[in-house]
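To start, the structure under review is shown below, and the notes come after it.
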Amino acid sequence: MIFQPVLNPWLIALIGLPLAAVAVLCLVKAPDLRARMLWVGRLLLVLACCALLLRPGIPGGTSQTLATDTDVVLVVDTTASIVAEDWDGDRPRLDGVRADVQAIIDEYPGARFALVTFDATAELRMPLTTDTTALASAMEVLRPEVTSQSQGSSIGVASALVSETLESAASSSPDRSRMVFYFGDGEQTAATEPESFAASAEYTDGGIMLGYGTAEGGPMKDTSLGDTGDSYIQYQGADALSVIDETNLQTIAEELGIPYQHRTADAAIELPEAPTTTTNYAESGEVGNVIELYWIAAVAMGLLLAVELAVATARVARLRGLSSRPGGDR
């Protein structure tokens with residue numbers, strides 16, 4: 001027998017034992033068999049309630065799980081242009097990135113994910129982990145660089161960190177495949193040429209270069225005041241516009257050896273199959289479950305409460321009958 005208590009067992013005992021003691025005392029002092037039977041039912045009701053709160057069960061049953069034997073590195077642009085408002089009308093591009101990251105999480109169950117972000121510098125926000133809840137939380141709180149601190153950025157600044165992350169994964173788990181998903185708009189605002197991702201190609205088995213933005217461009221809010229500001233970055237007296245550079249993105253895609261895909265809100269992301277994956281239930285294995293028995297206590301409680309309700313109804317009817325008799329109010 002296995003117990004999975006809803007409340008602390010000591011708290012259940014603190015509530016249940018006094019009630020059970022009262023029921024036993026009343027049972028002993030009951031004047032007749034009918035009264036004793038009622039108190040037996042009430043004692044059973046207390047015990048059933050305690051059993052329900054303890055959630056008893058027995059070992060047994062299995063659920064089959066899928067597992068993707070893959071390491072996924074997510075490379076996300078966090079420059080000011082990632083919040084340019086040309087996604088799905090006038091929404092920031094970051095909304096599209098977040099939705100696509102969630103789609104990737106859902107597509108590769110059991111995979112390990114790493115999150116790399118870049119603006120003026122690159123940062124490993126999350127090392128390889130299967131904790132997709134933490135990854136989703138990290139994406140939710142992800143914000144672009146502060147506008148006032150921006151000094152130009154390179155779309156290839158994360159190349160060394162990505163290569164290092166992939167090489168480390170290949171060294172520690174050579175049997176796992178590795179995928180890279182790059183999320184950006186390709187705008188090179190640094191004066192230098194973009195760094196090459198060619199060194200990562202030998203460790204990359206798949207992935208996609210995902211491009212966000214439009215040729216018309218989108219305005220970018222000034223992030224110097226955080227999310228509370230309503231002003232936009234200005235250029236020569238007008239709102240500065242961020243325009244996608246697909247040529248740059250395709251160059252990086254070729255260096256990594258992955259395809260390029262332009263993302264728009266009206267089209268679902270097209271994700272490849274993981275290069276090495278256990279995508280059928282038989283190979284993924286089974287996880288043991290507990291067969292729940294709390295429902296038995298719940299049914300018993302329902303029946304005992306029905307008896308109590310019937311007894312109470314009968315007593316009320318009897319009292320009404322007595323009060324309706326002539327002289328019943330004396």
key: Dipole moment magnitude, nearest 20 debye, the chain about Cα centre, only Lys, Arg, Asp, Glu C-beta charged   = 4380
key: Efficiency of FRET from Cβ geometry, GLN4 and GLU273, R₀ 41 Å, rounded to 0.05   = 0.65
ask   = By the scheme Lys and Arg +1, Asp and Glu -1, what is the net charge of all other residues having a beta-carbon under 11 Å from that of VAL311?
value = +3
Nearest-ten-degree value, helix 159-172 long axis tilted from longest Cα axis of the chain = 50
key: Per-residue ³J(HN,Hα) for region 29-44, Karplus 6.51 cos²θ - 1.76 cosθ + 1.60, θ = phi - 60°, Hz, x for Gly and Pro   = 8, 4, x, 8, 5, 4, 5, 5, 4, 5, 6, 5, x, 5, 5, 5
query = What 222 nm value per residue comes from the helices of the chain, counting each DSSP H run with n ≥ 4 as -39,500 (n - 2.57) and dividing by all residues, nearest 500 deg cm²/dmol?
reply = -12500 deg cm²/dmol
Relative contact order (%) - criterion: Cα under 8 Å, at least six apart; region: region 128-241 = 27
key: Residue-span extension gain [ASP230 to LEU14] - 0.36 nm each, minus C-alpha spacing   = 72.2 nm
message = So if I restrict to the alpha-carbon atoms in region 96-147, what is the Rg, and what is Dmax, the biggest pairwise distance, in Å?
response = 11.4, 37
remark   = Contour minus Cα-Cα span, ARG318 to GLU292, at 0.36 nm per residue, comes to 5.2 nm
ask   = In the neighborhood of ALA198, defined by Cβ-to-Cβ distances under 10 Å, what is the net charge if each Lys or Arg adds +1 and each Asp or Glu adds -1?
value = -4
ask   = Relative contact order for the chain using alpha-carbon pairs under 8 Å, separation at least 6, rounded to a whole percent?
value = 24
task = For every other residue with a beta carbon closer than 15 angstrom to the beta carbon of ALA134, add +1 if it is Lys or Arg and -1 if Asp or Glu, then tell me the sum.
result = +1
request  = Can you tell me the order of 70-79, 167-176 when each peptide is scored by its average per-residue count of other Cβ atoms within 10 angstrom, highest first?
outcome  = 70-79, 167-176
query = For region 70-283, how big is Rg over Rh, using alpha carbon atoms and the Kirkwood form of Rh?
reply = 0.97
request  = Give me the distance in nm between label points sitting 7 Å out from Cα along the Cα-to-Cβ direction at GLU107 and SER137, one decimal.
outcome  = 2.6
key: region 65-169: Rg to Rh, with Rh as the Kirkwood radius over Cα pairs   = 0.98
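Values in this text are rule-based calculations from the coordinates and carry no lab data. Remember, it's a predicted structure, so these values are computed and weren't measured experimentally. So basically every Cβ, Gly included, is an ideal-geometry build from the backbone, and we count neighbours across all protein chains shown.
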